[in-house]
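Q: Encoded as structure tokens, here's the structure I'll be asking about.
The values are calculated or read from the model by the stated rules, or taken from the named source; none is laboratory data. The shown structure was predicted, so the numbers you read here are calculated from the model rather than taken from an experiment. Note: ideal-geometry Cβ built from the backbone for every residue, glycine included; neighbour counts use all protein chains shown. Remember, those area values only see protein heavy atoms, side chains included, never the ligands or the DNA or RNA. Shrake-Rupley method; radii C 1.70, N 1.55, O 1.52, S 1.80 Å.
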Amino acid sequence: PKKSALNRVLIIEGDLELNAYLSTQLKYFGYDVQSSSCLTQLKDLYQTFQPDVIISDISFPGNDLGGIQEVEKLIEQLSVTVPIMFISSHRDIAYRLAAVRAQGVAYFSKPVNISALVQKVSEFTASIEPEPFRILVLDDDPSLVDLTIFTLQKAGMDAYGITDPLQI
């Protein structure tokens, strides 16, 4: 499928109410969201949706670490490199450590602070162009100033030149 201009977020959350809330909030902030309450759909959704970020609960019915295990399988099978964030009702270090070992870049305890979640998703999906270097060229030879400015601008820098040191 063709990727949209919006950043894509895949949510895997078994709690239908939380799933709908997270989806709605992320859509409100301009994200293209696909969600499922079924952990077994993770691989298929990843392949068809091609997300920029994955958000997964850690615990699912019958398997307290099911979310982490499925993410680890996904990483192993498909060499997934997108940021993965985990949410969980568990606050102890063992679950946080398991999330880090599964290449998790963030861990949110329930109830999820939506502002913190959106900020973290934004950090990992932002494509900010770095500001170009700004350079002032000073030389008493106008042709050398022009040549230097031309060369710097071709390299993507903002360059300005002067020949009178009093103009600095």
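Q: Which pairs turn up if I take residues in the stretch 21-35 that are under 18 Å from Thr48 (Cβ atoms) and look for partners that are aromatic (Phe, Trp, Tyr) with beta carbon separation below 6 Å, at least 6 apart in sequence or on another chain?
A: Gln34/Phe49
Q: Could you please find all residues in the stretch 111-142 being surrounded by 14 or more Cβ atoms within 10 Å (Cβ to Cβ) and either within 15 Å of the chain's Cα centre (by Cα) or among the charged types (D, E, K, R) (or both)?
A: Within the stretch 111-142, Leu117, Val118, Lys120, Val121, Ser122, Phe124, Thr125, Asp139 qualify.
Q: Cβ-Cβ under 8 Å, sequence separation 6+ or interchain: first residue in the stretch 49-60 and closer than 17 Å to Ala126 by Cα, partner among the hydroxyl-bearing types (Ser, Thr, Tyr) and outside any strand (DSSP E or B). Which pairs?
A: Filtered contacts from the stretch 49-60: Asp52/Thr125; Val53/Thr125; Ile54/Tyr46.
Q: OK, next. Looking at the stretch 1-24, which of its residues are open to solvent by 50 Å² or more (accessible area, probe 1.4 Å), within 18 Å of Ser122 (Cα to Cα) and assigned to a helix (DSSP H, G or I)?
A: Residues satisfying the conditions are Tyr21, Thr24.
Q: Follow-up question, since we're still on this one. For the stretch 79-95, enumerate the residues that are closer than 9 Å to Ser109 by Cβ and either open to solvent by less than 80 Å² (accessible area, probe 1.4 Å) or out of contact with any strand residue (DSSP E or B) (no Cβ under 7 Å at 6 or more places or on another chain) (or both).
A: Those that are closer than 9 Å to Ser109 by Cβ and either open to solvent by less than 80 Å² (accessible area, probe 1.4 Å) or out of contact with any strand residue (DSSP E or B) (no Cβ under 7 Å at 6 or more places or on another chain) (or both): Ile87, Ser88, Ser89, His90.
Q: Just name the residue that is least open to solvent (accessible area, probe 1.4 Å) out of those in the stretch 148-165 that are charged (D, E, K, R) and either over 22 Å from Glu131 (Cα atoms) or in a helix (DSSP H, G or I) (or both).
A: Step one: filter the stretch 148-165 for residues charged (D, E, K, R), giving 154, 158, 164.
Imposing the further condition that a residue be either over 22 Å from Glu131 (Cα atoms) or in a helix (DSSP H, G or I) (or both) reduces the set to 154, 164.
Working: Lys154: 152, Asp164: 63 Å².
Within the stretch 148-165, the match that is least open to solvent (accessible area, probe 1.4 Å) is Asp164.
Q: Considering only the stretch 39-60, state which residues are hydrophobic (A, V, I, L, M, F, W, C) and either out of contact with any Asp or Glu (no Cβ under 8 Å at 6 or more places or on another chain) or open to solvent by 80 Å² or more (accessible area, probe 1.4 Å) (or both).
A: First, pick out the residues of the stretch 39-60 that are hydrophobic (A, V, I, L, M, F, W, C): 39, 42, 45, 49, 53-55, 58, 60.
Within the stretch 39-60, Leu45, Phe49, Val53, Ile54, Phe60 qualify.
Q: Still on this structure, I have one more. Can you name the number of the only condition in (1) outside any strand (DSSP E or B); (2) within 19 Å of Leu117 (Cβ to Cβ); (3) not β-branched (Val, Ile, Thr) that Gln69 fails?
A: Of the numbered conditions (1) outside any strand (DSSP E or B); (2) within 19 Å of Leu117 (Cβ to Cβ); (3) not β-branched (Val, Ile, Thr), the odd one out for Gln69 is (2).
Q: Among the numbered criteria (1) within 20 Å of Cys38 (Cα to Cα); (2) of a type in the set (A, V, I, L, M, F, W, C); (3) open to solvent by 80 Å² or more (accessible area, probe 1.4 Å), which single criterion is violated by Ile168?
A: (1)
Q: Is at least one residue of the stretch 29-38 over 20 Å from Thr125 (Cβ atoms), open to solvent by 20 Å² or more (accessible area, probe 1.4 Å) and not aromatic (Phe, Trp, Tyr)?
A: Yes, the conditions are met somewhere in the stretch 29-38.
Q: Please find, among Val100, Val82, Val145, Val105, the residue that is under 22 Å from the mean Cα position of the chain (by Cα) and in a helix (DSSP H, G or I). Show your work before the answer.
A: Values: Val82 fails: in a helix (DSSP H, G or I); Val145 fails: under 22 Å from the mean Cα position of the chain (by Cα); Val105 fails: in a helix (DSSP H, G or I).
Just a single option satisfies the conditions, and that option is Val100.
Q: Next up: Taking the criterion of being among the β-branched types (Val, Ile, Thr), assigned to a helix (DSSP H, G or I) and on the phi < 0 side of the Ramachandran plot, would at least one residue in the stretch 51-62 satisfy it?
A: Checked against the condition, which is being among the β-branched types (Val, Ile, Thr), assigned to a helix (DSSP H, G or I) and on the phi < 0 side of the Ramachandran plot, the stretch 51-62 yields no hits at all.
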